[in-house]
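I have placed the structure first, in the form of structure tokens, so that the comments after it can refer back to it.
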Amino acid sequence: MNDIVEVAIGLPIPKTFHYRIPEKMIEALQVGMRVLVPFKGRKVTGFTLDLLDHPPEGIEGKLLYVEDLLDQTPLMDGGMLRFYRWISDYYLYPLGEVIKTGLPPGLHLKSEPILTLTQEGITSLAHGEWDAIQKKVFREIQKQGKVPLTRLLKRFPEELTRAKIFSWGKHGLLNIEDGIKQKEVKPKLEKVVEITGGVSNQPLSRKQKEILEWLEKRGKIPYSELRKKFRSPSLSLQALQAMGLITLSQREVSRDLSVRSDLKPYSRPELNRDQEIVLAEILKAIHGKRFSPFLIHGVTASGKTEIYLRAIEEVLALGRQAIVLVPEISLTPQLLSRFQDRFGKNLALLHSGLGKGERFDQWRKIRKGDVSIAIGARSALFAPFQRLGIIIVDEEHEPSYKQEEKLKYHARDLAVVRAKQAEATLLLGSATPSLESYYNAEKGRFRLLHLPERIEGKRLPHVDVLDIRKEPGLFSEKVKQALQKNIEEKKQSLLFLNRRGFATFILCPDCGFTFKCPNCSVTLTYHLGDRSLQCHYCDYRIQAPADCPDCQGHQLRRMGIGTERLEEEIRTLFPGAQVERMDRDTTTRKHSHHHILKRFESGHIDILVGTQMIVKGHDFPGVTFVGVISADTSLHFPDFRSSERTFQLLTQVAGRAGRGESTGQVIIQTFNPDHYSILRAKDHDFLGFYREEIQFRKALDYPPFSRLMNFRLSGNSEKRTKKAAEEMGKIGQALLKKNYGKGVEILGPSTAPFSKVRGKFRWQMLVKGKNSRLLHHFGRELAARLEEQAKGKGVSLDIDVDPVFIL
């Protein structure tokens, strides 16, 4: 009898645990369910991985019992569990945390210790018997009455530990009790009324007859709808139910989605010759029902989306399912309208812009088999389909597919893995493929397909590069003339600047003072709208002062430019034009992306100013001019991919122009007019850029010719974090000499490019190697030693595995 269960705890703990199954749960408990289990004095959610008939050797007498079973059916099947295990192993991340990432929010329950003072604790505080930190803590608890343990640890991160708090509890100074569990998202239910068709032997009132007649025409309807028709129907319904003439029941309904799709519909176009060739190759693979990875290199507006739609049609016809990934939430409304035109309601949305309840409902629709298509950003990759036939990664080169918080996975890489495990077709599409993808295609790991021309014979836009070292002011005369011409001809323009805010920073010319974030090693950006100084990393903000706080000088200067200043300058230059801005500051409210895009599509906006969210895959035929205000913002970033990012951004933004009847014009303003990434973007020359950049990567042994892992330490104390980083370097070097020879190289440790973010000091150590298996083995061994070394030292370890393809 399997009465032992292996459980992955939903906490950052690398190993799994075993528990005994109470007799009452043995028949019901299955692999893939959630359970509530005791763990270190509290109750937490765990995920069942395996059922055993005896405990592992050495822990037979130590096992605790599962407290509760949280599901009636498994949340994940064997295929998803296998996928989660692969992710955990490759990214060196706890399995329970990986599973949490893949599930919708609101399914994780845990109890939390709640602290109150005992009478003895109150008395000792009154008599002043304790040291300074204990007095602070006890006063905080006394002031609040009841305080969650985690809140206290955040309030006193340097001075307080769990062990210290629990020792006060043992001495009778504190009561420590389990607190309220995190609120769980549940299905939304609505009351429905349905006629049974029975006959009553009793006389009916006039109102009862009217209700029955009305129900006969409509069948099962929501109670809320019936209440709109009949005032105070409760007593009549109760009587009809007692007579067996109607039933009242509950049914599950989906919450209204935050994303609207009422953008302009698209008719089904005829395919051109290139599209027909590409689609034929993909359809062959779909019918082969085995893992088939393709890279579609198609210029902007070459009709990649129509290829995606027709490939999905074929997959659905074979009874299989589809996942479509897009890099930005802002793309979802436009893509959604196209997909709904073609597939109706047979699709679900999954992305972080939805509310918890909305994401839960969409995930349940997929799990129950109500829909066959999932569309969304990174998290859509975890859609729980059991008959997956195709995964599409649109704009596969986009860096936003990499998650930078917690589990640092790359959705493009995991799409490769999931498609391989599911024996599905994989489509990676881009006008500017990542170097890694194109290199894999050259090596035969992906099948390369080409769409070299725009649909309907439309020409790529003409691109000019302007050296703004010779131009006074924010705009060149050429940009102003192009904008004026477009306004007069009632055409639309896009202006791109990849930096939000009004000014990059504020400087005092008298003493050189700049306003810096106290939590991060960056200057504060000035925002004109609310006259504030803001940190774009931790959201710290203050009101912008009139005078220098250091020397009391009155001549503070706004340095640099952002989209907010760009918008103001455009409004001043063209007062009659309709100008709007699209960046993170203007799209924080629900539906804000959609409202801006809809106004732009309908022609109510003449000039749209924005950051990179305006350049990613949008299709607006009315745009004939695109201006890049500064091509240099990404070029000098401390990253070996900065030239690639610059080329991709410029090519993509240029691709927004001339998608309608008129030819497009693009002007790129730059301080580096001779840089190869800018010149190749000017000529729409991906292959030329690829050949030049791949030689640079090869010479310096950067990916795809090597693999990278980044071990980052962060902590509240600068001194402790530096010391831990030095120890990390010693441990790494010792391990290298002992077991790995010349197959692995260590760079660092050194301070991270941003040495302080959100109050945490950061150091990092890069590990580099050509053999991915050897590097991964080294990384696993090093991670285990560093986790042990970091315990109790006030630092945390973060591991980032550079995006690579494992085929």
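The calculated FRET efficiency for Leu573 paired with Lys345, based on their beta-carbon distance and R0 = 41 Å, is about 0.35. Using Stokes-Einstein with the Kirkwood hydrodynamic radius over Cα pairs, what translational diffusion coefficient do you get for the stretch 11-123 at 25 °C and a viscosity of 0.890 mPa s, in µm²/s rounded to a whole number? Calculated translational D: 156 µm²/s.
Estimated from helical segments only, the mean residue ellipticity of the chain at 222 nm is -10000 deg cm²/dmol, where each DSSP H run of four or more residues counts as -39500 (n - 2.57).
Rg ratio for the chain: its Cα radius of gyration over 2.2 N^0.38 Å, N being its residue count, equals 1.08. Based on C-alpha pairs under 8 angstrom that are at least 6 apart in sequence, the chain has a relative contact order of 10 percent. Compared with the direct C-alpha span, the chain from Lys135 to Gln403 gains 92.3 nm at full extension, assuming 0.36 nm per residue. Per residue, the accessible area of the stretch 17-140 comes to 47 Å², computed with a 1.4 Å probe over protein heavy atoms only. Approximating the spin labels as points 7 Å out from Cα along Cα→Cβ, the Asp798-to-Lys737 distance works out to 3.1 nm. Within a straight-line Cα-Cα reach of under 17 Å, Lys682 can be paired with the following aspartates and glutamates, leaving aside sequence neighbours fewer than 8 residues apart in one chain: Glu453, Asp464, Asp467, Asp632, Glu644, Asp674, Glu692, Glu693. Taken about its Cα centre, the stretch 533-591 carries a charge dipole of roughly 160 debye when the Cβ of each Lys and Arg holds +1 and the Cβ of each Asp and Glu holds -1. Rolling a 1.4 Å probe over the protein heavy atoms gives the stretch 634-749 an accessible area of 45 Å² per residue.
For the stretch 378-500, what is the accessible area per residue in Å² when the probe is 1.4 Å?
Ligands and nucleic acids excluded, the figure is 40 Å² per residue.
Entry for the stretch 151-228 at q = 0.12, 0.18, 0.26 Å⁻¹: log10 I(q)/I(0) = -0.58, -0.90, -1.28, Debye formula applied to identical alpha-carbon scatterers, no solvent contribution.
Taking the DSSP beta bridges with both ends in the chain, the antiparallel portion is around 60 percent. In summary, the stretch 446-513 shows an alpha-carbon radius of gyration equal to 1.79 times the 2.2 N^0.38 Å reference for compact globular proteins. Among the lysines of the stretch 18-135, pairs at least eight places apart or on separate chains and with Cα atoms under 29 Å apart come to 15. Gap in Å between the Cα centre of the stretch 705-756 and the Cα centre of the stretch 628-657? Centre-to-centre distance over Cα atoms comes out at 30 Å.
Extension gain for Lys470 to Arg584 (0.36 nm times residue separation, less C-alpha to C-alpha distance): 37.9 nm.
Take the solvent-accessible surface of the protein heavy atoms, probe 1.4 Å, and return the percent of it on the chain that carbon and sulfur atoms account for. Here it works out to 48 percent.
Spin-label pair Thr196-Glu281: with each label point 7 Å from Cα along the Cα-Cβ axis, the two points sit 6.4 nm from one another. Between Lys186 and Thr116, the simple label model (points 7 Å from Cα in the Cβ direction) yields a spacing of 2.6 nm.
The orientation-averaged projected area of the convex hull spanned by the Cα atoms of the stretch 653-807 comes to 13.4 nm². At full extension, Glu718 and Gln543 could sit 60.2 nm farther apart than now, given 0.36 nm per residue minus the alpha carbon distance.
Net charge dipole, the chain: roughly 1220 debye, given to the nearest 20, about the Cα centre with Cβ charges of +1 for Lys and Arg and -1 for Asp and Glu. Under 16 Å Cα-Cα from Lys209, which aspartates and glutamates qualify once same-chain neighbours fewer than 8 residues away are excluded? Cα-Cα hits under 16 Å: Glu194. Which one, Gly743, Ile59, Gly562, projects farthest toward the positive side of the charge dipole computed for the chain from Cβ point charges (K/R +1, D/E -1)? Of the candidates, Ile59 comes out farthest on the positive side.
The values are calculated or read from the model by the stated rules, or taken from the named source; none is laboratory data. Values in this document were obtained by computation on a predicted structure and should not be read as measured data. Note: ideal-geometry Cβ built from the backbone for every residue, glycine included; neighbour counts use all protein chains shown. For the accessible areas, the whole protein counts, side chains as well, though only heavy atoms, and no ligand, DNA or RNA atoms are used. Shrake-Rupley method; radii C 1.70, N 1.55, O 1.52, S 1.80 Å.
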